[in-house]
Amino acid sequence: MTWKGWKMAVYKHSYSAYTGKVTPAWTRIVVLSRYAFDEAWSSKISIGLLVFCLLPCIASLVGIYLANNPLARALVGARGDQMIAVDAGTFLKILEGQCWLDSYLFIRKQEYFNKFKQLGAVG
């Protein structure tokens with residue numbers, strides 16, 4: 001049997017083209033993403049590290065909100081104009097902390113990938 005000039009082996013010569021409904025082309029990449037995210041976040045350690053990496057962002061959001069909202073400062077019981085100074089240095093400290101945690105997450109994921117690669121579980 002040939003297909004566009006190529007010879008191919010077909011078991012029992014019962015090959016026929018797929019006649020069912022074909023998914024749209026734009027949704028096919030979602031399948032790859034779904035399995036990639038499933039494999040990447042299958043470990044509880046990875047999920048824990050991700051949550052740990054998000055903590056500086058959440059803490060800074062709460063801190064900036066409290067520093068700029070007078071009603072929230074009154075509810076917390078803070079005195080004065082601002083609890084923390086929100087300036088470029090604040091954002092630099094938040095970014096540095098997040099980068100260190102994210103780099104640790106990346107290194108851990110590489111260690112897991114190399115371990116599974118040595119075991120032959122990953123191609």
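The set of residues from the stretch 68-79 being assigned to a helix (DSSP H, G or I) and loosely packed, with under 12 Cβ neighbours inside 10 Å comprises 70, 71, 74, 75, 76.
Every listed requirement among (1) in a helix (DSSP H, G or I); (2) at pLDDT below 70 is met by residue 30 save one, (2).
Residue pairs whose Cβ atoms lie under 6 Å apart, sitting 6 or more positions apart in sequence or on different chains, and linking a residue in the stretch 49-67 that is of a type in the set (Val, Ile, Thr) to a partner that is modelled with pLDDT under 80 and not in a helix (DSSP H, G or I), are 64/86.
Residues of the stretch 33-45 that are assigned to a loop (DSSP other than H, G, I, E, B) and of a type outside the set (Gly, Ala, Ser): 41 alone. Within the stretch 88-100, the presence of at least one residue that is of a type in the set (Gly, Ala, Ser), over 18 Å from residue 54 (Cβ atoms) and modelled with pLDDT of 70 or more is confirmed.
Results for (1) at pLDDT below 75; (2) surrounded by 11 or more Cβ atoms within 10 Å (Cβ to Cβ); (3) part of a helix (DSSP H, G or I); (4) within 25 Å of the chain's Cα centre (by Cα), shown as yes or no for each residue.
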residue	(1), (2), (3), (4)
23	no, no, no, no
47	no, yes, yes, yes
60	no, yes, yes, yes
66	no, yes, yes, no
81	yes, no, no, no
102	no, yes, yes, yes
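The values are calculated or read from the model by the stated rules, or taken from the named source; none is laboratory data. Predicted, not measured: the structure shown is a model, and the values here were computed from it. All Cβ positions, even for glycine, are placed from backbone atoms using ideal geometry, and neighbour counts span all protein chains on display.
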